Amino acid sequence: MARLRAQEGCPWDREQDLRSIRPYLTEEAFEVLEEMDRVAEGGPWAPLCEELGDLLFQIVFHARLAEELGEFTLADVCASISDKLTHRHPHVFGEKREDGTPQPLANWAKLKAAERKKKTGREGSVLDGVPAGAPALLRAERLVEKASRLGFDWPDLAHVRAKLTEELGELDEAIASGDRDALEHELGDVLLALANVARFLKTPAEDALRMALRRFTTRFQHLESALRAEGVALGEGSLEQMMRHWREAKAVEKALPPPTRVPRAPLVALRLPVEALAPQRAFWDQVAPLLGWSAGWASAREAVYGDGLYRITFVPGSPAPSPTRLTFEAPSGAAVRRLRTLLEAASPGCVREGDLGAEAIMFRDPAGLEWEYAVPEP
(Lines give C-alpha, C1' and ligand atoms only; values in the text may rest on other atoms or scores of the structure.)
Protein backbone atom coordinates (compact mmCIF):
# COMPACT_ATOMS: atom_id res chain seq x y z
CA MET A 1 0.00 0.00 0.00
CA ALA A 2 2.88 2.33 0.79
CA ARG A 3 4.34 1.62 -2.64
CA LEU A 4 1.01 2.26 -4.37
CA ARG A 5 0.75 5.62 -2.57
CA ALA A 6 4.38 6.60 -3.27
CA GLN A 7 5.31 9.20 -5.87
CA GLU A 8 6.28 6.50 -8.36
CA GLY A 9 3.20 4.42 -7.51
CA CYS A 10 -0.32 4.39 -8.92
CA PRO A 11 -1.78 7.81 -9.86
CA TRP A 12 -5.31 6.73 -8.88
CA ASP A 13 -4.27 5.45 -5.44
CA ARG A 14 -2.24 8.63 -4.79
CA GLU A 15 -5.28 10.82 -5.48
CA GLN A 16 -7.59 9.11 -2.99
CA ASP A 17 -8.52 10.44 0.44
CA LEU A 18 -10.78 9.32 3.27
CA ARG A 19 -13.94 10.57 1.58
CA SER A 20 -13.21 9.42 -1.96
CA ILE A 21 -12.60 5.76 -1.04
CA ARG A 22 -15.43 5.53 1.50
CA PRO A 23 -17.99 4.19 -1.05
CA TYR A 24 -15.64 1.33 -1.94
CA LEU A 25 -15.59 0.15 1.66
CA THR A 26 -19.38 -0.22 1.64
CA GLU A 27 -19.32 -1.90 -1.77
CA GLU A 28 -16.70 -4.45 -0.73
CA ALA A 29 -18.59 -5.25 2.48
CA PHE A 30 -21.73 -6.01 0.49
CA GLU A 31 -19.75 -8.19 -1.94
CA VAL A 32 -18.47 -10.18 1.05
CA LEU A 33 -22.07 -10.66 2.20
CA GLU A 34 -23.06 -11.83 -1.27
CA GLU A 35 -20.34 -14.48 -1.31
CA MET A 36 -21.28 -15.54 2.23
CA ASP A 37 -24.83 -16.15 0.97
CA ARG A 38 -23.49 -18.32 -1.86
CA VAL A 39 -21.39 -20.35 0.58
CA ALA A 40 -24.45 -20.78 2.83
CA GLU A 41 -26.26 -22.27 -0.18
CA GLY A 42 -23.45 -24.78 -0.75
CA GLY A 43 -21.27 -22.72 -3.08
CA PRO A 44 -17.43 -22.72 -3.11
CA TRP A 45 -15.40 -20.85 -0.47
CA ALA A 46 -12.63 -19.56 -2.76
CA PRO A 47 -14.58 -16.48 -3.99
CA LEU A 48 -15.31 -15.52 -0.37
CA CYS A 49 -11.57 -15.64 0.32
CA GLU A 50 -10.96 -13.17 -2.50
CA GLU A 51 -13.75 -10.82 -1.39
CA LEU A 52 -12.43 -10.82 2.18
CA GLY A 53 -9.08 -9.82 0.71
CA ASP A 54 -10.74 -6.91 -1.13
CA LEU A 55 -12.36 -5.80 2.13
CA LEU A 56 -9.05 -6.11 3.97
CA PHE A 57 -7.45 -3.92 1.29
CA GLN A 58 -9.89 -1.13 2.20
CA ILE A 59 -8.85 -1.37 5.86
CA VAL A 60 -5.18 -1.29 4.87
CA PHE A 61 -5.87 1.70 2.61
CA HIS A 62 -7.58 3.72 5.36
CA ALA A 63 -4.85 2.85 7.84
CA ARG A 64 -2.20 3.99 5.36
CA LEU A 65 -3.93 7.35 4.93
CA ALA A 66 -3.91 7.80 8.70
CA GLU A 67 -0.25 6.81 8.94
CA GLU A 68 0.72 9.39 6.31
CA LEU A 69 -0.93 12.03 8.49
CA GLY A 70 0.80 10.75 11.62
CA GLU A 71 -2.47 9.65 13.23
CA PHE A 72 -2.12 5.87 13.63
CA THR A 73 -0.77 2.79 11.85
CA LEU A 74 -2.19 -0.58 10.85
CA ALA A 75 -0.41 -2.05 13.88
CA ASP A 76 -2.38 0.40 16.07
CA VAL A 77 -5.60 -0.83 14.44
CA CYS A 78 -4.75 -4.43 15.32
CA ALA A 79 -3.71 -3.49 18.86
CA SER A 80 -6.96 -1.58 19.35
CA ILE A 81 -9.23 -4.52 18.58
CA SER A 82 -6.97 -6.86 20.59
CA ASP A 83 -7.25 -4.62 23.66
CA LYS A 84 -11.01 -4.30 23.18
CA LEU A 85 -11.56 -8.05 22.96
CA THR A 86 -9.44 -8.62 26.06
CA HIS A 87 -11.33 -5.98 28.04
CA ARG A 88 -14.77 -7.22 26.99
CA HIS A 89 -14.03 -10.86 27.83
CA PRO A 90 -12.80 -10.84 31.42
CA HIS A 91 -14.35 -14.31 31.80
CA VAL A 92 -11.75 -15.52 29.28
CA PHE A 93 -8.73 -13.26 29.75
CA GLY A 94 -9.33 -12.06 33.33
CA GLU A 95 -8.20 -13.39 36.66
CA LYS A 96 -9.07 -16.93 37.68
CA ARG A 97 -10.77 -18.09 40.82
CA GLU A 98 -8.86 -20.13 43.37
CA ASP A 99 -10.05 -23.34 41.71
CA GLY A 100 -8.68 -22.15 38.38
CA THR A 101 -12.03 -21.41 36.72
CA PRO A 102 -12.60 -18.02 35.07
CA GLN A 103 -14.58 -15.23 36.69
CA PRO A 104 -18.26 -15.05 35.63
CA LEU A 105 -19.14 -13.17 32.47
CA ALA A 106 -19.22 -9.45 33.26
CA ASN A 107 -22.15 -7.26 32.29
CA TRP A 108 -21.52 -6.33 28.66
CA ALA A 109 -23.47 -3.08 28.87
CA LYS A 110 -21.42 -1.92 31.86
CA LEU A 111 -18.18 -2.69 30.06
CA LYS A 112 -19.28 -0.74 27.01
CA ALA A 113 -20.37 2.19 29.19
CA ALA A 114 -16.96 2.24 30.88
CA GLU A 115 -15.29 2.29 27.46
CA ARG A 116 -17.46 5.21 26.29
CA LYS A 117 -16.74 7.16 29.48
CA LYS A 118 -13.00 6.63 29.03
CA LYS A 119 -13.21 7.71 25.40
CA THR A 120 -15.66 10.65 25.60
CA GLY A 121 -15.87 11.54 29.28
CA ARG A 122 -19.48 10.36 29.61
CA GLU A 123 -21.29 7.07 29.69
CA GLY A 124 -23.71 8.08 26.93
CA SER A 125 -26.50 5.76 25.85
CA VAL A 126 -26.49 2.00 25.55
CA LEU A 127 -27.82 2.59 22.03
CA ASP A 128 -24.65 4.41 21.00
CA GLY A 129 -22.49 2.52 18.56
CA VAL A 130 -25.17 1.50 16.06
CA PRO A 131 -24.26 3.53 12.95
CA ALA A 132 -27.00 5.85 11.72
CA GLY A 133 -25.94 5.01 8.16
CA ALA A 134 -26.51 1.26 8.58
CA PRO A 135 -29.43 -0.33 6.67
CA ALA A 136 -32.57 0.50 8.63
CA LEU A 137 -33.66 -3.13 9.15
CA LEU A 138 -30.23 -4.10 10.48
CA ARG A 139 -30.14 -0.99 12.68
CA ALA A 140 -33.59 -1.79 14.08
CA GLU A 141 -32.51 -5.25 15.18
CA ARG A 142 -29.28 -3.99 16.75
CA LEU A 143 -31.09 -1.20 18.64
CA VAL A 144 -33.67 -3.52 20.23
CA GLU A 145 -30.89 -5.98 21.01
CA LYS A 146 -28.90 -3.32 22.86
CA ALA A 147 -31.99 -2.16 24.75
CA SER A 148 -32.65 -5.74 25.83
CA ARG A 149 -29.27 -5.85 27.61
CA LEU A 150 -30.67 -3.41 30.18
CA GLY A 151 -33.78 -5.55 30.68
CA PHE A 152 -36.04 -3.58 28.31
CA ASP A 153 -37.39 -6.63 26.54
CA TRP A 154 -40.35 -8.96 26.10
CA PRO A 155 -40.35 -12.13 28.25
CA ASP A 156 -40.76 -14.55 25.34
CA LEU A 157 -41.50 -14.97 21.62
CA ALA A 158 -45.27 -15.22 22.19
CA HIS A 159 -45.38 -11.66 23.54
CA VAL A 160 -43.27 -10.39 20.65
CA ARG A 161 -45.57 -12.09 18.14
CA ALA A 162 -48.62 -10.59 19.87
CA LYS A 163 -47.02 -7.15 19.55
CA LEU A 164 -46.60 -7.70 15.81
CA THR A 165 -50.29 -8.59 15.53
CA GLU A 166 -51.17 -5.41 17.44
CA GLU A 167 -49.03 -3.27 15.12
CA LEU A 168 -50.58 -4.89 12.03
CA GLY A 169 -54.01 -3.98 13.38
CA GLU A 170 -52.93 -0.37 13.77
CA LEU A 171 -51.54 -0.41 10.22
CA ASP A 172 -54.95 -1.64 8.97
CA GLU A 173 -56.57 1.34 10.72
CA ALA A 174 -54.09 3.71 9.06
CA ILE A 175 -54.81 2.13 5.67
CA ALA A 176 -58.52 2.67 6.23
CA SER A 177 -57.93 6.31 7.17
CA GLY A 178 -55.75 7.01 4.12
CA ASP A 179 -53.66 9.43 6.20
CA ARG A 180 -50.16 9.43 4.72
CA ASP A 181 -48.38 10.34 7.94
CA ALA A 182 -50.25 7.66 9.85
CA LEU A 183 -49.38 5.08 7.19
CA GLU A 184 -45.68 5.86 7.45
CA HIS A 185 -45.83 5.81 11.25
CA GLU A 186 -47.64 2.48 11.54
CA LEU A 187 -45.68 0.78 8.76
CA GLY A 188 -42.48 1.75 10.58
CA ASP A 189 -43.82 0.23 13.80
CA VAL A 190 -44.65 -3.02 11.96
CA LEU A 191 -41.13 -3.24 10.53
CA LEU A 192 -39.61 -2.57 13.96
CA ALA A 193 -41.81 -5.30 15.46
CA LEU A 194 -40.67 -7.68 12.70
CA ALA A 195 -37.04 -6.90 13.50
CA ASN A 196 -37.73 -7.81 17.12
CA VAL A 197 -39.36 -11.09 16.02
CA ALA A 198 -36.23 -11.82 13.97
CA ARG A 199 -34.05 -11.24 17.03
CA PHE A 200 -36.06 -13.70 19.10
CA LEU A 201 -35.93 -16.25 16.28
CA LYS A 202 -32.15 -15.75 16.05
CA THR A 203 -32.63 -15.20 12.32
CA PRO A 204 -31.21 -11.78 11.33
CA ALA A 205 -33.90 -9.82 9.51
CA GLU A 206 -31.41 -8.26 7.09
CA ASP A 207 -30.11 -11.70 6.09
CA ALA A 208 -33.61 -13.17 5.77
CA LEU A 209 -34.73 -10.31 3.53
CA ARG A 210 -31.58 -10.50 1.41
CA MET A 211 -32.13 -14.21 0.80
CA ALA A 212 -35.79 -13.55 -0.03
CA LEU A 213 -34.64 -11.01 -2.62
CA ARG A 214 -32.33 -13.64 -4.15
CA ARG A 215 -35.31 -16.00 -4.49
CA PHE A 216 -37.47 -13.23 -5.96
CA THR A 217 -34.77 -12.40 -8.52
CA THR A 218 -34.32 -16.05 -9.58
CA ARG A 219 -38.07 -16.61 -9.92
CA PHE A 220 -38.68 -13.38 -11.83
CA GLN A 221 -35.82 -14.04 -14.23
CA HIS A 222 -37.31 -17.49 -14.89
CA LEU A 223 -40.63 -15.76 -15.56
CA GLU A 224 -38.97 -13.43 -18.07
CA SER A 225 -37.20 -16.32 -19.86
CA ALA A 226 -40.43 -18.32 -20.04
CA LEU A 227 -42.34 -15.40 -21.55
CA ARG A 228 -39.64 -14.90 -24.18
CA ALA A 229 -39.80 -18.59 -25.06
CA GLU A 230 -43.56 -18.19 -25.62
CA GLY A 231 -42.97 -15.20 -27.89
CA VAL A 232 -44.50 -12.76 -25.39
CA ALA A 233 -42.75 -9.41 -25.25
CA LEU A 234 -41.81 -8.15 -21.80
CA GLY A 235 -44.57 -5.94 -20.45
CA GLU A 236 -47.23 -7.61 -22.60
CA GLY A 237 -47.77 -10.80 -20.63
CA SER A 238 -50.96 -11.14 -18.64
CA LEU A 239 -50.91 -11.46 -14.87
CA GLU A 240 -52.24 -14.99 -15.27
CA GLN A 241 -49.31 -15.94 -17.54
CA MET A 242 -46.76 -14.40 -15.20
CA MET A 243 -48.23 -16.08 -12.11
CA ARG A 244 -48.19 -19.46 -13.89
CA HIS A 245 -44.47 -19.15 -14.59
CA TRP A 246 -43.86 -17.80 -11.09
CA ARG A 247 -45.50 -20.91 -9.62
CA GLU A 248 -43.37 -23.11 -11.90
CA ALA A 249 -40.21 -21.48 -10.54
CA LYS A 250 -41.40 -22.02 -6.96
CA ALA A 251 -42.18 -25.68 -7.74
CA VAL A 252 -38.63 -26.20 -8.99
CA GLU A 253 -37.25 -24.71 -5.78
CA LYS A 254 -39.33 -27.09 -3.67
CA ALA A 255 -38.24 -30.11 -5.70
CA LEU A 256 -34.56 -29.37 -5.22
CA PRO A 257 -32.67 -30.87 -2.27
CA PRO A 258 -31.95 -28.42 0.54
CA PRO A 259 -28.53 -26.74 0.36
CA THR A 260 -25.80 -28.23 2.44
CA ARG A 261 -25.17 -26.12 5.54
CA VAL A 262 -22.03 -27.94 6.66
CA PRO A 263 -18.86 -26.52 5.09
CA ARG A 264 -17.20 -29.27 3.09
CA ALA A 265 -15.09 -29.77 0.01
CA PRO A 266 -16.97 -30.77 -3.16
CA LEU A 267 -16.96 -34.48 -3.88
CA VAL A 268 -16.89 -33.86 -7.63
CA ALA A 269 -14.67 -31.02 -8.91
CA LEU A 270 -13.95 -30.68 -12.63
CA ARG A 271 -12.09 -28.10 -14.72
CA LEU A 272 -13.44 -28.11 -18.26
CA PRO A 273 -11.73 -26.13 -21.07
CA VAL A 274 -14.05 -24.33 -23.50
CA GLU A 275 -13.24 -22.32 -26.61
CA ALA A 276 -15.52 -19.37 -25.71
CA LEU A 277 -16.17 -18.60 -22.05
CA ALA A 278 -18.75 -15.81 -22.50
CA PRO A 279 -21.56 -17.86 -24.15
CA GLN A 280 -20.82 -20.74 -21.78
CA ARG A 281 -21.24 -18.43 -18.79
CA ALA A 282 -24.42 -16.87 -20.22
CA PHE A 283 -25.92 -20.35 -20.62
CA TRP A 284 -24.94 -21.64 -17.19
CA ASP A 285 -25.99 -18.44 -15.43
CA GLN A 286 -29.51 -19.43 -16.54
CA VAL A 287 -29.25 -23.19 -16.06
CA ALA A 288 -27.41 -23.35 -12.71
CA PRO A 289 -30.34 -21.96 -10.65
CA LEU A 290 -32.65 -24.53 -12.28
CA LEU A 291 -30.41 -27.27 -10.86
CA GLY A 292 -30.20 -25.63 -7.47
CA TRP A 293 -26.59 -24.64 -8.12
CA SER A 294 -24.99 -21.31 -7.32
CA ALA A 295 -22.74 -19.26 -9.56
CA GLY A 296 -19.38 -18.82 -7.90
CA TRP A 297 -16.20 -17.07 -8.98
CA ALA A 298 -16.46 -15.55 -12.45
CA SER A 299 -13.78 -13.68 -14.40
CA ALA A 300 -12.24 -13.53 -17.86
CA ARG A 301 -10.26 -16.63 -16.85
CA GLU A 302 -12.90 -18.93 -15.37
CA ALA A 303 -16.52 -19.39 -14.30
CA VAL A 304 -17.48 -21.68 -11.40
CA TYR A 305 -20.82 -23.36 -10.64
CA GLY A 306 -21.77 -25.88 -7.98
CA ASP A 307 -23.80 -26.87 -4.96
CA GLY A 308 -21.22 -28.14 -2.48
CA LEU A 309 -21.35 -31.67 -3.91
CA TYR A 310 -20.46 -30.69 -7.48
CA ARG A 311 -18.10 -27.91 -8.56
CA ILE A 312 -17.68 -27.31 -12.28
CA THR A 313 -15.07 -24.78 -13.41
CA PHE A 314 -15.06 -23.64 -17.04
CA VAL A 315 -11.76 -22.20 -18.30
CA PRO A 316 -10.66 -20.96 -21.74
CA GLY A 317 -8.78 -23.59 -23.68
CA SER A 318 -8.92 -26.33 -26.26
CA PRO A 319 -11.75 -28.75 -25.48
CA ALA A 320 -11.47 -32.52 -25.78
CA PRO A 321 -11.55 -33.76 -29.42
CA SER A 322 -14.78 -35.69 -28.83
CA PRO A 323 -17.87 -34.49 -26.94
CA THR A 324 -17.74 -35.00 -23.20
CA ARG A 325 -20.80 -36.35 -21.43
CA LEU A 326 -21.26 -35.78 -17.72
CA THR A 327 -23.93 -37.48 -15.64
CA PHE A 328 -25.12 -36.27 -12.27
CA GLU A 329 -27.88 -37.31 -9.92
CA ALA A 330 -31.44 -36.00 -10.00
CA PRO A 331 -33.56 -36.21 -6.83
CA SER A 332 -36.68 -37.53 -8.60
CA GLY A 333 -38.36 -38.15 -11.93
CA ALA A 334 -40.61 -35.17 -11.27
CA ALA A 335 -37.53 -32.94 -10.92
CA VAL A 336 -36.25 -34.26 -14.26
CA ARG A 337 -39.53 -33.49 -16.01
CA ARG A 338 -39.70 -30.00 -14.53
CA LEU A 339 -36.10 -29.32 -15.56
CA ARG A 340 -36.92 -30.37 -19.14
CA THR A 341 -39.77 -27.85 -19.29
CA LEU A 342 -37.67 -25.07 -17.81
CA LEU A 343 -34.64 -25.78 -20.01
CA GLU A 344 -36.77 -25.68 -23.16
CA ALA A 345 -38.07 -22.29 -22.02
CA ALA A 346 -34.72 -20.87 -20.88
CA SER A 347 -32.59 -22.12 -23.79
CA PRO A 348 -34.66 -23.53 -26.66
CA GLY A 349 -32.94 -26.31 -28.58
CA CYS A 350 -30.48 -27.33 -25.87
CA VAL A 351 -32.42 -30.46 -24.87
CA ARG A 352 -31.27 -33.54 -26.79
CA GLU A 353 -34.03 -35.67 -28.24
CA GLY A 354 -33.98 -39.38 -27.53
CA ASP A 355 -35.66 -42.13 -25.56
CA LEU A 356 -34.23 -41.43 -22.12
CA GLY A 357 -37.52 -41.97 -20.34
CA ALA A 358 -39.11 -39.86 -17.64
CA GLU A 359 -36.23 -40.43 -15.22
CA ALA A 360 -33.48 -38.73 -17.25
CA ILE A 361 -32.82 -35.72 -19.44
CA MET A 362 -29.86 -34.82 -21.65
CA PHE A 363 -28.93 -31.33 -22.79
CA ARG A 364 -25.98 -29.73 -24.57
CA ASP A 365 -24.36 -26.44 -23.61
CA PRO A 366 -22.74 -23.92 -26.02
CA ALA A 367 -19.35 -25.63 -25.67
CA GLY A 368 -20.83 -28.88 -26.95
CA LEU A 369 -20.59 -30.60 -23.58
CA GLU A 370 -23.42 -33.07 -22.98
CA TRP A 371 -25.05 -33.23 -19.56
CA GLU A 372 -27.28 -36.04 -18.36
CA TYR A 373 -29.47 -35.37 -15.34
CA ALA A 374 -30.85 -38.72 -14.21
CA VAL A 375 -32.40 -40.53 -11.28
CA PRO A 376 -29.93 -43.30 -10.33
CA GLU A 377 -30.99 -46.82 -11.05
CA PRO A 378 -31.93 -48.89 -7.96
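The values are calculated or read from the model by the stated rules, or taken from the named source; none is laboratory data. Quick caveat: nothing in here was measured; it's all calculated off a predicted structure. Glycine gets a Cβ as well: all are built from the backbone with ideal geometry, and neighbour counts include every protein chain shown. Ligands, DNA and RNA are stripped out before the accessible areas are found, and what is left, the full protein with its side chains, is counted by its heavy atoms. Shrake-Rupley method; radii C 1.70, N 1.55, O 1.52, S 1.80 Å.
Restricting the search to region 33-57, which residues are more than 20 Å from Ala205 (Cα to Cα) and either over 15 Å from the mean Cα position of the chain (by Cα) or not in a loop (DSSP other than H, G, I, E, B) (or both)? Matches in region 33-57: Ala46, Pro47, Leu48, Cys49, Glu50, Glu51, Leu52, Gly53, Asp54, Leu55, Leu56, Phe57. Here Ala147, Ala158, Ala140, Ala132 are screened, and the one residue that is in a helix (DSSP H, G or I) and either open to solvent by 50 Å² or more (accessible area, probe 1.4 Å) or farther than 22 Å from Pro204 by Cα (or both) is Ala158. Of the residues making up region 58-72, none is within 31 Å of the chain's Cα centre (by Cα), in a loop (DSSP other than H, G, I, E, B) and not polar (S, T, N, Q). Within region 10-30, track down each residue that is surrounded by fewer than 11 Cβ atoms within 10 Å (Cβ to Cβ) and closer than 16 Å to Ala66 by Cα. Within region 10-30, Glu15, Asp17, Arg19, Ser20 meet the criteria.
Name every residue in region 1-59 that is touching an Asp or Glu at 6+ places or on another chain (Cβ under 6 Å) and free of Cβ contacts under 8 Å to residues at least 60 places away in the same chain, in order of residue number. Hits for region 1-59 are Leu4, Glu28, Glu31, Val32, Glu35, Leu48, Glu51, Asp54, Leu55, Gln58. The residue pairs whose first member lies in region 126-140 and is under 19 Å from Asp153 (Cβ atoms), whose second member is part of a helix (DSSP H, G or I) and modelled with pLDDT under 75, and whose beta carbons are closer than 6 Å, counting only pairs six or more residues apart or on different chains, are Val126/Ala109.
May I ask you to verify whether Arg228 is of a type in the set (D, E, K, R), open to solvent by 40 Å² or more (accessible area, probe 1.4 Å) and closer than 27 Å to Arg247 by Cβ? For Arg228, the condition - of a type in the set (D, E, K, R), open to solvent by 40 Å² or more (accessible area, probe 1.4 Å) and closer than 27 Å to Arg247 by Cβ - is met.
Residues that are in a loop (DSSP other than H, G, I, E, B) and touching a helix residue (DSSP H, G or I) at 6+ places or on another chain (Cβ under 9 Å) within region 13-32 comprise Gln16, Asp17, Leu18, Ile21, listed in sequence order.
For region 302-321, filtered to residues that are modelled with pLDDT of 80 or more and out of contact with any helix residue (DSSP H, G or I) (no Cβ under 9 Å at 6 or more places or on another chain), the residue that is farthest from Val39 (Cα to Cα) is Ser318.
Table: residues versus (1) in a loop (DSSP other than H, G, I, E, B); (2) open to solvent by less than 40 Å² (accessible area, probe 1.4 Å); (3) modelled with pLDDT of 80 or more.
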{"position": "Pro323", "(1), (2), (3)": "yes, no, no"}
{"position": "Thr327", "(1), (2), (3)": "no, no, no"}
{"position": "Leu343", "(1), (2), (3)": "no, yes, yes"}
{"position": "Gly357", "(1), (2), (3)": "yes, no, no"}
{"position": "Ile361", "(1), (2), (3)": "no, yes, yes"}
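Selection within region 212-239: residues that are more than 17 Å from the chain's Cα centre (by Cα), small (Gly, Ala, Ser) and assigned to a helix (DSSP H, G or I). The member of this set that is farthest from Ala288 (Cα to Cα) is Ala229.
Taking the criterion of being of a type in the set (Lys, Arg), open to solvent by 70 Å² or more (accessible area, probe 1.4 Å) and assigned to a helix (DSSP H, G or I), the only residue of region 169-211 that qualifies is Arg180.
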